[in-house]
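Report on one structure; see the data block that follows.
The values are calculated or read from the model by the stated rules, or taken from the named source; none is laboratory data. Not measured: the values here are computed from a predicted model. Methodologically, a virtual Cβ is constructed for each residue, glycine included, from the backbone with ideal geometry; neighbour enumeration extends over all protein chains shown.
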Amino acid sequence: MKKLFAVLSVLIFFSCTKTEPIPVSFYYWRTAFQLTDIEKGYLNALDVKKLYIRYFDVALKNNEPIPVTSIVFNEKIEGIEIVPVIYIKNEVFLQETDTQDLAQKIAKYIQQINDKNGFVINEIQFDCDWSLKSKDNYFQFIADFKKWHPHLSGTIRLHQVKYPEKTGIPDVSKGVLMYYNMGVISAGENNSIYERTIAQRYIKSLRNYSLPLDIALPVFSWGVQIRENNVVNLIGGMRLKDVQNHPFEKKSKHQFRVVEDFIYKGRYLAKNDIIKIEEPSAEQLKEMIVDLKKNVKNKPKEIIFYDLNEKNLTEYEKEFLKTVSRW
């Protein structure tokens with residue numbers, strides 16, 4: 001009933017305004033590419049033509065940047081454009097970095113993955129939450145990488161939108177505004193994935209941001225494991241419905257106390273631990289679109305959901321996700 005109500009309320013809302021569909025895409029963030037039938041069903045129903053696939057991360061080991069957790073493709077991809085996404089930890093650019101050498105190595109590794117799987121790509125995306133201390137190295141890396149592939153995009157956080165004169169703007173063809181992970185993961189009542197009050201401190205700055213932006217919206221969730229008022233773990237994919245049939249006692253709307261020691265999907269939960277569920281509701285997704293429409297400088301060309309996973313998708317009706325993508 002909750003899903004049906006959410007779909008109906010969104011349909012009523014959008015029927016009152018003139019809207020047009022924006023193409024829907026997804027991020028794929030697992031280390032092995034293989035789609036379930038449900039995932040394929042959502043891609044077909046939403047007419048998805050593009051997937052942003054995390055190819056690998058770049059992190060430091062012995063002070064040297066190296067690729068880690070590279071993806072393996074276990075099935076062919078047909079009829080969908082692939083955009084490699086490379087997540088580079090900020091630590092890589094906080095030290096003295098040979099950006100030209102790093103760009104060459106990353107470009108060659110991407111090409112190896114493409115050649116192995118028969119992919120021809122038009123775009124590469126870099127995901128890096130750069131800081132004031134790392135921006136010069138990161139921006140130089142972008143400039144160096146353009147010698148290998150000219151069509152680049154980059155992820156953009158809300159704080160980078162509000163303070164572009166300080167944080168700078170990467171020299172890429174477009175940005176993707178990550179409209180999630182807005183707060184600090186904490187033991188408090190806040191939701192670190194999405195808080196409207198936090199978003200509204202930044203969102204008006206979108207009207208003056210010069211880089212063209214597409215929008216990434218959250219459909220993921222996690223459980224924050226809290227012990228003695230300290231965050232000790234994140235349990236990816238955990239939702240409110242998952243506390244049922246387990247030894248939890250409701251503490252508040254989104255917080256639950258563990259009443260006896262047990263193992264949850266390989267994670268040890270001790271008695272009196274607190275689990276805080278953070279997940280975006282359908283109503284909140286609608287709320288995000290309403291706020292964004294009022295503040296973005298230009299209409300985005302894509303809505304990208306993070307991330308493509310059966311457990312995430314089944315929380316939202318296909319028709320609802322279609323309506324969210326209307327602008």
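A few points about this structure:
- In region 220-269, the residues that are within 30 Å of Phe26 (Cα to Cα) and of a type in the set (Gly, Ala, Ser): Ser221, Gly223, Gly236, Gly237, Gly266
- Annotation: of all residues in region 274-303 being buried (at least 21 other Cβ atoms within 10 Å of the Cβ) and among the charged types (D, E, K, R), the one that is farthest from Met178 (Cα to Cα) is Lys276.
- When region 41-55 is limited to residues that are in a strand (DSSP E or B) and of a type in the set (A, V, I, L, M, F, W, C), the one that is farthest from Ser70 (Cα to Cα) turns out to be Leu51.
- Any hit, region 13-33, residues being β-branched (Val, Ile, Thr), loosely packed, with under 12 Cβ neighbours inside 10 Å and modelled with pLDDT under 95: yes
- Here Ser252 passes the criteria (1) in a strand (DSSP E or B); (2) touching an Asp or Glu at 6+ places or on another chain (Cβ under 8 Å) except the one numbered (1).
- First in region 279-293 and over 15 Å from Ile198 (Cα atoms), second anywhere and surrounded by fewer than 18 Cβ atoms within 10 Å (Cβ to Cβ) and among the basic types (Lys, Arg), Cβ under 6 Å, 6 or more apart: Glu279/Arg239
- Some residue of region 206-221 being under 22 Å from Gly266 (Cβ atoms) and crowded, with 16+ Cβ neighbours inside 10 Å: yes
- Selection count, region 241-278, where residues are among the aromatic types (Phe, Trp, Tyr) and in contact (Cβ under 8 Å) with a residue 24 or more places away in the chain: 2
- Unique residue being assigned by TED's automatic domain parsing to the domain that holds Lys162 and either in contact (Cβ under 8 Å) with a residue 40 or more places away in the chain or at positive phi (or both) when the list is Asp129, Asp47: Asp47
- Number of residues in region 296-308 that are more than 12 Å from the chain's Cα centre (by Cα) and more than 13 Å from Trp327 (Cβ to Cβ) equals 1.
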